[in-house]
Amino acid sequence: AQSVTQPDIHITVSEGASLELRCNYSYGATPYLFWYVQSPGQGLQLLLKYFSGDTLVQGIKGFEAEFKRSQSSFNLRKPSVHWSDAAEYFCAVGAISSGGGADGLTFGKGTHLIIQP
Amino acid sequence: DAGVTQSPTHLIKTRGQQVTLRCSPKSGHDTVSWYQQALGQGPQFIFQYYEEEERQRGNFPDRFSGHQFPNYSSELNVNALLLGDSALYLCASRQTGAGNTIYFGEGSWLTVV
């Protein structure tokens, strides 16, 4: 069975500082990997995804993530955070469906990002 | 182009009642999934519909059922509601095919009292 671990429940970062959110996954084959962001009371917005190819993927809002198969990790990074980045961040893994897309996703429990002025 | 739309946005039900939540996928999307997100937790996959059939199911009891219509919209039905069913229910859609992005709606907040 697939699983996702986000070791950090809360992270506090000063505005303008760099950010790294950790994600480790367990999956028997090549996974589809995603990072989503959720603001309070809102749905999920996709930041970036990895399907294949280049292991360093660029996303929206200046985020990037690196897929490291040997470490089963897909950590999210941003060089300089803004106050508006404060939110809940979810890493997710999906199996490859017969049609080529991602089947039902398995999410981590999330990391709550707090930005200090 | 409207994204994934869900209704209602909020509702309150009593234990033992039944509820129906609705989802219209993003234009051009034919695959719809439902997720349950309890407070403070990550979303959990309930099931996925494609071509009006349930294609994959997560670890949820039979009280949770769904339907997909010819226009690709979908319903989630929950029978015999329990207090523990209180959660944000998220609908997600994508277009069949490799690498296609999964888009989420803003969800339906269900409170069971």
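Given the residues B:Leu76, B:Leu39, B:Leu81, B:Leu21, which is the only one that is more than 12 Å from chain A (Cβ to nearest Cβ), more than 11 Å from the chain's Cα centre (by Cα) and of a type in the set (A, V, I, L, M)? Steps first, answer last, please.
Values: B:Leu76 fails: more than 11 Å from the chain's Cα centre (by Cα); B:Leu39 fails: more than 12 Å from chain A (Cβ to nearest Cβ); B:Leu21 fails: more than 11 Å from the chain's Cα centre (by Cα).
It is B:Leu81.
Can you tell me which of A:Phe34, A:Phe51 is within 19 Å of A:Asp103 (Cβ to Cβ) and touching a Leu at 6+ places or on another chain (Cβ under 8 Å)?
Values: A:Phe51 fails: touching a Leu at 6+ places or on another chain (Cβ under 8 Å).
Every option except A:Phe34 fails the conditions.
Counting only residues that are surrounded by fewer than 21 Cβ atoms within 10 Å (Cβ to Cβ) and more than 11 Å from the chain's Cα centre (by Cα), how many does the range B:57-73 have? Steps first, answer last, please.
Going through the range B:57-73, the residues surrounded by fewer than 21 Cβ atoms within 10 Å (Cβ to Cβ) turn out to be B:57-65, B:67, B:69-71, B:73.
Narrowing the set further to residues that are more than 11 Å from the chain's Cα centre (by Cα) leaves B:57-63, B:69-71.
Residues flagged as surrounded by fewer than 21 Cβ atoms within 10 Å (Cβ to Cβ) and more than 11 Å from the chain's Cα centre (by Cα) within the range B:57-73 amount to 10.
Inspect all residues belonging to the range B:7-14 and state whether any of them is within 8 Å of another protein chain (Cβ to nearest Cβ) and under 14 Å from B:Cys91 (Cα atoms).
Filtering the range B:7-14 for residues within 8 Å of another protein chain (Cβ to nearest Cβ) gives none.
Checking the range B:7-14: not a single residue is within 8 Å of another protein chain (Cβ to nearest Cβ) and under 14 Å from B:Cys91 (Cα atoms).
Mind listing just one residue for me: the one in the range B:59-73 that is modelled with pLDDT of 95 or more and within 14 Å of another protein chain (Cβ to nearest Cβ) and, of those, nearest to B:Val4 (Cα to Cα)?
B:Gly66
Name every residue in the range B:86-113 that is small (Gly, Ala, Ser), surrounded by fewer than 18 Cβ atoms within 10 Å (Cβ to Cβ) and facing chain A (nearest Cβ under 7 Å), in order of residue number. Give the steps one after another, and end with the answer.
Of the residues in the range B:86-113, the ones small (Gly, Ala, Ser) are B:86-87, B:92-93, B:97-99, B:105, B:107-108.
Filter again for surrounded by fewer than 18 Cβ atoms within 10 Å (Cβ to Cβ), leaving B:86, B:97-99.
Across the range B:86-113, the qualifying residues are B:Gly97, B:Ala98, B:Gly99.
Can you pull out every residue in the range B:85-109 that is assigned to a strand (DSSP E or B), closer than 10 Å to B:Val4 by Cβ and either in contact with a helix residue (DSSP H, G or I) (Cβ under 6 Å, 6 or more places away or on another chain) or of a type in the set (A, V, I, L, M, F, W, C) (or both)?
B:Leu90, B:Cys91, B:Ala92, B:Phe104
If you go through the range A:30-50, how many residues are hydrophobic (A, V, I, L, M, F, W, C) and within 13 Å of A:Leu105 (Cβ to Cβ)?
Taking the range A:30-50 first, the residues hydrophobic (A, V, I, L, M, F, W, C) are A:33-35, A:37, A:44, A:46-48.
Still in the running and within 13 Å of A:Leu105 (Cβ to Cβ): A:33-35, A:44, A:46.
Matching residues across the range A:30-50 total 5.
Counting just the residues of the range B:24-36 that are within 13 Å of another protein chain (Cβ to nearest Cβ) and part of a strand (DSSP E or B), which one comes out surrounded by the fewest Cβ atoms within 10 Å (Cβ to Cβ)?
B:Gln36
Confirm whether B:Gln56 is at pLDDT below 95, in contact with an Asp or Glu (Cβ under 8 Å, 6 or more places away or on another chain) and not in a loop (DSSP other than H, G, I, E, B). Don't jump to the end; show me each part of the working.
Working: at pLDDT below 95: yes; in contact with an Asp or Glu (Cβ under 8 Å, 6 or more places away or on another chain): yes; not in a loop (DSSP other than H, G, I, E, B): yes.
Yes, satisfied.
Are any residues in the range B:1-19 surrounded by 15 or more Cβ atoms within 10 Å (Cβ to Cβ), under 21 Å from B:Phe69 (Cα atoms) and out of contact with any Gly (no Cβ under 9 Å at 6 or more places or on another chain), and if so, which ones?
B:Val19 - this is the single residue of the range B:1-19 that is surrounded by 15 or more Cβ atoms within 10 Å (Cβ to Cβ), under 21 Å from B:Phe69 (Cα atoms) and out of contact with any Gly (no Cβ under 9 Å at 6 or more places or on another chain).
How about the range A:22-103: which strands (runs of 3 or more DSSP E) wholly inside it have at least 3 residues that are within 24 Å of B:Gln36 (Cα to Cα) and free of Cβ contacts under 8 Å to residues at least 40 places away in the same chain? Can you show your working first?
Numbers: elements: A:24-26, A:32-38, A:45-50, A:56-58, A:64-68, A:73-78, A:87-96.
Qualifying strands (runs of 3 or more DSSP E): A:45-50.
The values are calculated or read from the model by the stated rules, or taken from the named source; none is laboratory data. Treat the numbers as computed from the prediction; the structure is a model and nothing was measured. Using ideal geometry, Cβ is built from the backbone for each residue, glycine included, and neighbour counts are taken over all protein chains shown.
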